[in-house]
Every structure is written in structure tokens, then in C-alpha cells.
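What follows draws every value from the coordinates through simple rules; no lab data is involved. Note that the structure is predicted; figures quoted are calculated from it, not measured.
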Amino acid sequence: MKNKFLISSIVFSIIGIIYTFLPYKLLTKTLNLGFNLRHNDHIMIGTIALTIAVTSIYTYLNRKDNSN
Amino acid sequence: MVMLDAVYHLATNTAVHINYMAVKFTLILLILFLTTFWVGKGFNHGLFSIILGPIIFYIYYIFADPTLNREIFKLDESFGYIFLHILVFAISYYVFYQITSNKNISKKIKIAGTALILSLTIVGLDSAYELLKTQLITNNEELVVKALNFDTTLYFIFSLITIIFISYYYIQNIKLKISTIVLATILLNLLIFQDLTRSFSTILTSSLPQLLFRYYTK
């Protein structure tokens, strides 16, 4: 169960970084990950993914501390 | 938290922008829900949520494209506002944590905390309704920003705090208590804003937070 949080934090971090920090043209034209959405929608998806990633890593560390 | 923040913005003439309010609400709700659901509630978990929430929201502000004209409207996007968001989040988290988890507080303080939380939630939902209605009717974000007024919002909040405090203090029957507050909210809303549709929408915006609160605390 603990590892699930670690995996989810890694996966959501990658999604979050891609959608929040990459330039709009690189995301839509080069990577084809735009899904015809606006730039602000991408940022919203990215920040939601970053939120899940950080909360997952916090949960992972918290459960690891409790089990030790 | 979002409503406390909105009141501060109204007081300091900073724009209460529905898009940013919606983003703020979504991110704060997500962080709070995930932390409480996966880890639980407590001092450390609360601290984690109240610091992470405003930081993530600040990241959104930095990278998103502005939709409002910054020469006319002042927004809460500077770095210093992180501390304001942390403060209002901490106040809300602390009050809610105390009234739901602390068994040693007196009845009066518990009811006062409940009145504060419920009134801010009810006014917040009512404000969201008004902002959304203006957005849908006018489709002009610059008009939406001007939809809320500091004086009337504050008057509505303080009247509701008083009514909820009195109802929770004197009425024991739960159905009667909720009905009284809903009825009082409708009348207050009609009296302050003179808008019949808006005042009837408070049947939902007033009863829903109370039922959720009742479900959570019983």
C-alpha cells in the first residue's frame, strides 16, 4: 500500500511538471498533449497533478514513519 | 477559508475574480480532502495542508495567463499574498478542528465556532451563486468582479453569525434549528440584496452546509 503512494507521486509529478512548466507550443505542437485545451486549463491539470503528487509523497513518508 | 479571503479582498479593493476563486477552492479542497482522507487530521497534517495549498495556488498564478486587465484590477497574485492565504486557511482549519475534535471546549465557544464556520460557508456559496449568475448573464469578467460589495457581505455574515449562534444555543430540535436558519437566511438575503431569486437560492446554499455539518458531527 505504501508503494502505491510512491508510484502515484512519481506518476503525478511527471504529469504535473509536463502540464505546469512546459511552454504551451511545446506541449501542443511537439508532444501533441494539448487535447485542444487552453493554456490555463493545462496549468489547472498540472497543478491538480502536482497537488496529488505532493500529498502522495507526504502520505508515503507519514506511513513509513509510522511503520518504523 | 475562501470566503475569509474574499472578505479581505473586498475590504482592500482587490478583485474577487470568480475564475481564480474557483481554482483556489478546487485546489484547497483537493489538498484538504486528500490529506484528511489518506493521513487524517491533526496539527502536522493541518500545517502541511495550509502551507501547500497557497504555494500550489501561487504556482497556478505564476504560470496561468492573466484574464483580467491588471491596469484596472488589482489581484492577489503577489508573493506576499501566500502569507495571507496561509493565515486565513490556518484560522479556518483551527476553528473547524477545535469544534469537531476538541471535547474540552465550552458549549458557548463551540457554538460560536460553528456559527462562524456555517455563516462563512453559507455566504460563500451565496456569493458564488451571485458571481456565477453575473458571469452567465453578462459574460464579462470585469462586471463579475464588481458583483460583490464589502459592506453588504459583512452585514450578511455578522447577521448570520448572530442568528446561527442564537438558534444553536436555544433550539434543541435539529429539524427546527435547520429550518429556522434556512428561513432566516432567506429573509436576510431578501432584506439585504432585494433579489427574490437569489434569496430563494439560499434554501439550497443554507441547508446543504448545515446538513453536511450535522452529518459530520453527529
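In degrees, nearest 10, range 0 to 90: what is the angle between the Cα axis of helix A:2-21 and the longest Cα principal axis of chain A?
20
As a check on your grasp of the helix formula, calculate [θ] at 222 nm for chain B: sum -39500 (n - 2.57) over DSSP H runs of n ≥ 4, divide by the residue count, round to the nearest 500.
Using -39500 (n - 2.57) per qualifying helix, the result is -27000 deg cm²/dmol.
Please state the equivalent ellipsoid semi-axes for the protein assembly as shown: what are the square roots of 5 times the Cα gyration tensor eigenvalues, largest first, in whole Å? If you can, show how the numbers build up before the last one.
Numbers: eigenvalues 230, 146, 46 Å².
Values for the protein assembly as shown, descending: 34, 27, 15 Å.
Over the Cα atoms of segment B:49-100, each weighted equally, I'd like the Debye log10 I(q)/I(0) at q = 0.27 Å⁻¹, rounded to two decimals.
Ignoring solvent entirely, the Cα scatterers give -1.02.
Between Rg and the Kirkwood Rh of chain B, both from Cα atoms, what is the Rg to Rh ratio?
Using Cα coordinates only, the ratio equals 0.97.
Just tell me, in residue order, which DSSP H segments of chain B are both 20 angstrom or longer along the helix axis (alpha-carbon based) and at least -1.0 in mean Kyte-Doolittle hydropathy.
Correct list, ordered by number: B:18-38, B:43-63, B:81-101, B:107-138, B:150-170, B:174-193, B:196-217.
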